[in-house]
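Q: The structure under discussion is supplied below as structure tokens; questions concerning it will follow.
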Amino acid sequence: MVSGQGVETQNLAYQNSGHQFLRDGAAVELANGSVNGFDSVSPNQQLLPLTAQVNSEGHLEIGGCDVVDLVQQFGSPLYILDEDTLRAACRQYRQAFERYYPGAAQVLYASKAWSCLAVCAIVAREGLGVDVVSGGEIFTTLEAGVDPQGIYFHGNNKSRDELQFAIESGCKIVVDNWHELKLLVGLAGEKRDGVHPISILIRLTPGIECHTHEYIRTGHLDSKFGFDPNQLDDVFTSVSQQPGLACIGLHAHIGSQIFELQPHNDLGSVMVQWLCKATQYGLPIKELNIGGGLGIRYTESDDPPSIDEWVRVVAESVRVACEEQQIPLPKLLCEPGRSLIGPACVTAYTIGSRKVVPDIRTYLTVDGGMSDNPRPITYQSLYRAVVANRMNAPMTELVAIAGKHCESGDILIKEASLPITEPGDILVVMATGAYNYSMSSNYNRVPRPAAVLVKEGDANIILQRETYQDLVRQDRLPERLK
Ligand code: LLP
């Protein structure tokens, strides 16, 4: 694999080439080779991973690896995850809490964004806990060696089996509704040791509106998640009467891909009010979990606040509200997903067919699509792309990037500005780390791509490419059909 050494630093004279998506001075930083060099750059404000640069061949490099070489070695499509960017984002969250919050704090990674062994292991090594929403995510996180004390189990319809698995593993449960509370009371009664109550947090719907896609908004009152805060007294009364349950915290999450800071500022003070109320019921609350939601840059016009700014607002709103109420600072938790993993990954595809519809549009088709990135068809999400083997070429064409699936709506990018390309060129779609692999499917029986983790010129497979055999692994053919 090509290493960062000997790579020529290109200046940014190529404003209309792939260079425009690099952050300023990208190549200079890589020479330092350390995550520390990235402290001042918030990954969620970048289109490409922090280590991205253009090498002397005019190819895109990530994590010291030439993307064209990676595709040659590991095949296409390929998720390419930059370890330094992921670690830098984890550290920025952690360090910002140290800077702005005088009490204890814990960052959790919302693993729904991308749950796999390597990602869970990296975030845990960076000192993060993990938010999980299913038995499968619990299992993956435990297999990755994460301390169960730092695993928080969410979900609006956890099964009895999932709850039991979480409790036996030592995870904390974020209780979403009355049905679940009842299940937990039953499970607490059955718990043999009888000594340790089950640690729970209560999820509430704060009724805070924010501007994001309707499907990814969760904090407004008309939401399937969490208890209605109008029932706060009933919930606290009920929980306080359960010796088998220790209510250690409160939780809220207002939505995802949020660029405004005000909703999280409001949420901090609302949650402190709930906390004051809970203490009146004698609940042993120590933790406030403010959820995730910080947005990332998918296109040049996206302008999210930095990780540092977001944490400052959250921390100050909780600190100030606690001062006003004259209560001790709770342990403050948050659980970002997208802003940790989203910008750390790109997807590399191989360009195939071209269809020109005169005076209307040119379609370039790649060898993946809605099965590896369902976000454009689901949320009309916008993405940007570069051509990894033509990073110096001027962008002179406006094309639509079509996926290969049998579905007209399978268009990854409606209007992509690209250099003139040929079949076999490597198209790289940026910021595909969050909710891409985790929402991927086998639609049209297309095998899922491989994922490689890149760092300082090394590339390691973290997810094997699926094979055709994998696709039929769960299929069963009844005898009479043989
Ligand atoms: N905590 C809870 C309880 C959540 O429901 C979520 C996301 C997060 C934390 C993490 O939010 P983040 O920091 O990633 O914004 N599939 C959609 C996103 C769904 C978000 C679901 N919940 C998408 O592709 O945009």
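The values are calculated or read from the model by the stated rules, or taken from the named source; none is laboratory data. The model shown is predicted, which means the values in this text are computed figures rather than measured ones. Cβ atoms come from the backbone with ideal geometry, glycine included; neighbour counts cover every protein chain shown. When the accessible area is computed, the model is the full protein with side chains, heavy atoms only, and any ligands, DNA or RNA have been set aside. Shrake-Rupley method; radii C 1.70, N 1.55, O 1.52, S 1.80 Å.
Q: Please work out if Ala393 is part of a strand (DSSP E or B), away from the ligand (no atom under 16 Å from the Cβ) and touching a residue at least 12 places away in the same chain (Cβ under 8 Å).
A: Judged against the criteria, Ala393 is not a match.
Q: Looking for whichever is of a type outside the set (A, V, I, L, M) and either out of contact with any Pro (no Cβ under 7 Å at 6 or more places or on another chain) or modelled with pLDDT under 95 (or both) here; the options are Gly170, Gly155. Which one fits?
A: One residue alone meets the criteria, Gly155.
Q: Inside region 440-467, can you point out the residues that are part of a strand (DSSP E or B) and either open to solvent by 50 Å² or more (accessible area, probe 1.4 Å) or small (Gly, Ala, Ser) (or both)?
A: Matches in region 440-467: Ala450, Ala451, Lys455, Asp458, Ala459, Asn460, Ile461.
Q: Please verify whether Leu48 is modelled with pLDDT of 95 or more, in contact with a Leu (Cβ under 9 Å, 6 or more places away or on another chain) and not assigned by TED's automatic domain parsing to the domain that holds Ile327, treating the condition exactly as stated. Reasoning before the result, please.
A: Values: modelled with pLDDT of 95 or more: yes; in contact with a Leu (Cβ under 9 Å, 6 or more places away or on another chain): yes; not assigned by TED's automatic domain parsing to the domain that holds Ile327: yes.
It is true that Leu48 is modelled with pLDDT of 95 or more, in contact with a Leu (Cβ under 9 Å, 6 or more places away or on another chain) and not assigned by TED's automatic domain parsing to the domain that holds Ile327.
Q: If I ask for residues that are touching a Ser or Thr at 6+ places or on another chain (Cβ under 9 Å), in a loop (DSSP other than H, G, I, E, B) and among the aliphatic types (A, V, I, L, M), which ones from region 364-390 would you list?
A: Hits for region 364-390 are Met370, Leu382.
Q: Considering every residue within region 191-201, establish whether at least one is at positive phi and at pLDDT 80 or above.
A: No.
Q: Another question, then. If we only count strands (runs of 3 or more DSSP E) wholly inside region 277-363, which ones have 1 or more residues that are touching a helix residue (DSSP H, G or I) at 6+ places or on another chain (Cβ under 7 Å) and within 12 Å of the ligand (Cβ to nearest atom)?
A: Of the strands (runs of 3 or more DSSP E) lying wholly inside region 277-363, those with at least 1 residues that are touching a helix residue (DSSP H, G or I) at 6+ places or on another chain (Cβ under 7 Å) and within 12 Å of the ligand (Cβ to nearest atom) span 331-334.
Q: Can you tell me which residue among Ile360, Ile307 is touching a residue at least 40 places away in the same chain (Cβ under 8 Å) and among the hydrophobic types (A, V, I, L, M, F, W, C)? So that I can check it myself, show each step before the final result.
A: Values: Ile360 fails: touching a residue at least 40 places away in the same chain (Cβ under 8 Å).
None of the others qualify; the one that does is Ile307.
Q: I'm told Glu422 meets every condition in (1) open to solvent by 40 Å² or more (accessible area, probe 1.4 Å); (2) not in a loop (DSSP other than H, G, I, E, B) except one. Can you identify the failing condition by its number?
A: (2)
Q: Yes or no: Leu250 more than 16 Å from the ligand (Cβ to nearest atom), under 18 Å from Asn177 (Cβ atoms), surrounded by 16 or more Cβ atoms within 10 Å (Cβ to Cβ) and within 31 Å of the chain's Cα centre (by Cα)?
A: For Leu250, the condition - more than 16 Å from the ligand (Cβ to nearest atom), under 18 Å from Asn177 (Cβ atoms), surrounded by 16 or more Cβ atoms within 10 Å (Cβ to Cβ) and within 31 Å of the chain's Cα centre (by Cα) - is not met.
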